[in-house]
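Taking it in order: structure first as structure tokens, then the write-up.
The values are calculated or read from the model by the stated rules, or taken from the named source; none is laboratory data. As the structure is a computational prediction, the values presented were derived from the model and not from experiment. Heads up, the Cβs are rebuilt from the backbone with ideal geometry, glycines too, and the neighbour counts pull from every protein chain shown.
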Amino acid sequence: MKCFTRGQKATLASLGVEGFTPTVSLSVALELTGGLEIDVCCFGLDEQGRLSDERYFVFYNQPQSPCGAVSAKGASVGARQVFQIDFSKLPTTIKRLVFSATVNGLAAMRQITRGLVQVSASGAPIAEYQIQGSDYADEKALMLVELYWKDGWRLAATGQGFAAGLPGLLKHFGGEVAEERPALPLTNVPPPLPDAPPQPLTAVAKGILQKITLTKPGQSHSLSLEKGASAPRKMIVRATWVDNGDDSDDNDDLDLRVGILLADGRMRFICAPDRVGKFDIEPFIRHTGDVISASLMEPATETVEVNPAIAQSCGGKVALVFSVYSAVSNGAVSVASLRPTMRMEYGQQTVECAFDFTKTKAAFDDSVYTYVIGIAIIDKDSIRLEPSGMTSSPGSESTPWLEWNGSTGVKLSMNGPVVFKGADAYAENHENYRRYV
């Protein structure tokens with residue numbers, strides 16, 4: 001058995017796990033004493049080091065991840081806690097497993113009298129890392145060890161402290177604490193109703209994650225698709241916008257549109273009321289209906305339902321581009337002043353794209369009609385979602401167009417075919433060779 005020091009790393013193969021394969025089951029035992037109330041947990045992170053979804057936050061109130069890939073055994077608080085890891089069940093989107101400890105109240109990590117992390121394979125210890133309270137001060141949380149993928153699974157003794165405790169860890173991994181509700185920078189909107197009093201941390205931990213929010217191009221978040229009879233049947237995507245407060249009812253009408261890039265490079269198009277689609281047959285996306293107005297008290301929302309099996313049903317990976325469009329016939333309006341956002345919901349997972357369009361060059365140009373609010377790439381195992389921030393050129397009615405870019409990405413351009421409600425799909429596109437199928 002190898003004794004680790006703080007910051008030390010090693011491959012699992014070098015730790016004597018002969019013929020290590022992803023089918024090997026490991027256990028990570030964590031024990032910290034000192035008269036403290038200590039909670040231990042495991043974060044399942046994606047390739048970007050972000051919490052993949054709240055179901056991979058394994059702790060005393062959620063002791064097992066989907067399909068049993070990570071499970072917690074033993075005491076819920078304090079004493080000895082053992083996490084079992086079955087690599088054969090772990091989705092490919094999970095690249096890091098970070099094992100952490102937090103304390104509550106006035107306690108701090110310097111009060112630890114004995115700390116030990118032991119990693120075992122098939123019941124036999126292969127590595128050990130001792131934690132010394134003297135290495136810390138007033139930290140409320142510790143990242144103890146992590147298993148991470150880099151040309152094979154590896155182990156690292158991290159030993160990193162966080163003064164902010166569990167909320168600090170969650171922010172570090174891209175999560176959001178339940179009692180934190182960032183204020184939306186809206187104008188002419190009545191103040192929200194008072195929130196309930198903040199919950200103590202021990203209570204917040206029982207429902208700690210509300211959603212992941214992405215605000216900048218280049219950010220992304222992956223959601224794991226569940227398998228089996230209990231898997232969520234739908235992905236729900238909602239585009240929401242507000243009244244801009246200009247006393248005009250006509251120009252608050254946006255349309256949620258979806259472009260669908262198929263594996264073979266062809267594209268489909270969804271919008272209401274002319275191209276609402278179907279959920280159980282092609283294109284495996286259904287628009288639930290056109291919404292024509294928003295108000296100060298009631299923001300407008302248009303919704304599409306996406307079949308989680310869309311990639312398998314369409315013969316391979318697909319990409320979706322979500323945009324909102326303001327028709328000229330509804331009156332001139334700066335789309336950015338309506339502050340459009342989108343939210344994707346899959347089971348208990350929620351990811352929001354909330355790019356601030358008011359900071360773009362096109363923000364107050366009422367001749368910019370289309371704003372891209374999000375892009376999703378879906379395969380049989382996962383969904384990767386990211387905000388965009390791209391807009392159409394002034395005066396252009398072109399739609400967003402996607403093309404495959406390498407094996408993992410897409411290229412977005414604003415030169416797709418023009419689509420008007422109730423109009424001939426080809427009437428306005430005689431000079432554009434691109435066509436929706």
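Numbers at a glance
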{"read-out": "Count of the range 39-63 residues which are under 16 Å from residue 143 (Cβ atoms) and either surrounded by fewer than 20 Cβ atoms within 10 Å (Cβ to Cβ) or not aliphatic (A, V, I, L, M) (or both)", "value": "10"}
{"read-out": "Some residue of the range 163-174 being modelled with pLDDT of 85 or more and either outside any strand (DSSP E or B) or buried (at least 17 other Cβ atoms within 10 Å of the Cβ) (or both)", "value": "no"}
{"read-out": "Selection count where residues are modelled with pLDDT of 85 or more and closer than 23 Å to residue 107 by Cα, scope the range 33-56", "value": "4"}
{"read-out": "Residue pairs meeting the criteria (Cβ under 7 Å; at least 6 apart or on separate chains; first among the aromatic types (Phe, Trp, Tyr), in the range 396-412; second not in a strand (DSSP E or B))", "value": "401/434; 404/265"}
{"read-out": "Filter result for residue 49 (in contact (Cβ under 8 Å) with a residue 60 or more places away in the chain, part of a strand (DSSP E or B) and either more than 20 Å from residue 164 (Cβ to Cβ) or among the small types (Gly, Ala, Ser) (or both))", "value": "no"}
{"read-out": "Positions within the range 385-412 being more than 14 Å from the chain's Cα centre (by Cα), assigned to a loop (DSSP other than H, G, I, E, B) and either of a type in the set (Gly, Ala, Ser) or buried (at least 20 other Cβ atoms within 10 Å of the Cβ) (or both), in sequence order", "value": "388, 389, 390, 392, 393, 395, 396, 398, 406, 407"}
{"read-out": "Complete set of residues in the range 337-384 that are among the hydroxyl-bearing types (Ser, Thr, Tyr), within 12 Å of the chain's Cα centre (by Cα) and buried (at least 21 other Cβ atoms within 10 Å of the Cβ)", "value": "346"}
{"read-out": "Every residue from the range 413-428 that is part of a loop (DSSP other than H, G, I, E, B) and either buried (at least 19 other Cβ atoms within 10 Å of the Cβ) or at pLDDT 85 or above (or both)", "value": "417, 418, 419, 420"}
{"read-out": "Check on residue 124, within 27 Å of the chain's Cα centre (by Cα) and either free of Cβ contacts under 8 Å to residues at least 40 places away in the same chain or surrounded by fewer than 17 Cβ atoms within 10 Å (Cβ to Cβ) (or both)", "value": "no"}
{"read-out": "Per-region count, the range 250-299, residues modelled with pLDDT of 85 or more and in contact with a Pro (Cβ under 7 Å, 6 or more places away or on another chain)", "value": "6"}
{"read-out": "Total residues in the range 300-324, condition buried (at least 20 other Cβ atoms within 10 Å of the Cβ) and either at pLDDT below 85 or assigned to a strand (DSSP E or B) (or both)", "value": "11"}
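Yes/no matrix, rows are residues, columns are (1) surrounded by 15 or more Cβ atoms within 10 Å (Cβ to Cβ); (2) farther than 17 Å from residue 30 by Cα; (3) touching a residue at least 40 places away in the same chain (Cβ under 8 Å); (4) not aromatic (Phe, Trp, Tyr):
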{"site": "67", "(1), (2), (3), (4)": "yes, yes, yes, yes"}
{"site": "99", "(1), (2), (3), (4)": "yes, no, yes, no"}
{"site": "104", "(1), (2), (3), (4)": "yes, yes, yes, yes"}
{"site": "109", "(1), (2), (3), (4)": "yes, no, yes, yes"}
{"site": "117", "(1), (2), (3), (4)": "yes, no, yes, yes"}
{"site": "132", "(1), (2), (3), (4)": "no, no, no, yes"}
